[in-house]
1. If I ignore ligands, DNA and RNA and count only protein heavy atoms, how much of residue 162 is accessible to a 1.4 Å probe, in Å² to the nearest 10?
2. Over the stretch 36-104, with every protein chain in place, what whole percent of the accessible area is carbon and sulfur at 1.4 Å, could you tell me?
3. Under the Kirkwood approximation applied to all pairs of distinct alpha-carbon atoms, what is the hydrodynamic radius of the stretch 59-121 in Å?
4. Could you give each residue of the stretch 72-88 its phi-based ³J(HN,Hα) in whole Hz, using Karplus coefficients 6.51, -1.76, 1.60 with θ = phi - 60°, and x for Gly or Pro?
5. Quick one: of 130/165; 60/165; 60/130; 55/93; 16/60; 37/93, which pairs are farther than 24 Å apart, Cα to Cα?
6. Per the helix-only calculation at 222 nm, which mean residue ellipticity applies to the chain, given -39500 (n - 2.57) for every DSSP H run of n ≥ 4 and division by its residues, nearest 500 deg cm²/dmol?
7. What is the sum of charges, Lys and Arg at +1 and Asp and Glu at -1, for the other residues whose Cβ falls under 13 Å from the Cβ of residue 14?
8. Return the Rg/Rh value of the stretch 1-63, two decimal places, where both radii are evaluated on C-alpha atoms and Rh is the Kirkwood radius.
Amino acid sequence: MNTNLLFDFTVDKPQKTVYINREFAAELPLVWDAFTKPELLDQWVAPKPWSSRTKYMDFKVGGRRFYAMVSPEGQARWSTQEFTSITPKTNYKMYNSFADENENPELPGSEWDTTFSERDGITTVRIVIKNESLTRLERMIEMGFELGFKMSIDNLEQLLADLSKQPQTENARSH
């Protein structure tokens, strides 16, 4: 792993916002796919030993992802994400909320604004998470969001390294 890559995680309680900036030694189309395709998301988004299980995902404006982070004992923590804006390979925005197994959201939620850029083979992902309440932000912090996110990003870095070694497919060449 390249330890010289930027990773900044900042919590601004007065603004109820989390700012994350992370660089990856991978090309933008690959990083974009890792954030927007359920078969790739499920390989990295949960901190080990937890796993991610997407029940369904429709990546389009107005579409949704319903997924769970599952503990080794089988305990599931469900979330819903509704995509509110998508600019391919550049940015997407979504509304995220915890939920029960029947997709009933636990409000308040948070708005995620995820931006992608690439320079010299290094892709930067900037995520701004605006929580609707300080209580929700504090709950995220209590649940170990920062450590869990860092662990998930380590999973992503390994996945990107593995995918970068695979032969390019026709689809990847057309990006």
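1. The value for residue 162 is about 70 Å².
2. Details: 1750 of 3530 Å².
Reported share for carbon and sulfur atoms: 49 percent.
3. On the way: mean 1/r = 0.0770 Å⁻¹.
After inverting the mean inverse Cα-Cα distance, the result is 13.0 Å.
4. Taking θ as phi minus 60°, the curve returns x, 7, x, 6, 10, 10, 7, 9, 10, 10, 10, 7, 9, 7, 9, 10, x Hz for the stretch 72-88.
5. Correct reply: 130/165; 60/165; 16/60.
6. Details: 5 runs with 50 residues, N = 175.
Theoretical 222 nm ellipticity from helices: -8500 deg cm²/dmol.
7. Working: positive: 13, 16, 130; negative: 12, 138.
After counting each charged neighbour, the total is +1.
8. On the way: Rg = 14.5 Å, Rh = 14.2 Å.
Computed over Cα atoms, the ratio is 1.02.
The values are calculated or read from the model by the stated rules, or taken from the named source; none is laboratory data. In this text, all values refer to a predicted model and were calculated from it rather than measured experimentally. We place every Cβ from the backbone using ideal geometry, glycine too, and count neighbours over all the protein chains shown. What goes into the accessible areas is simple: the full protein's heavy atoms, side chains included, and nothing from ligands, DNA or RNA. Shrake-Rupley method; radii C 1.70, N 1.55, O 1.52, S 1.80 Å.
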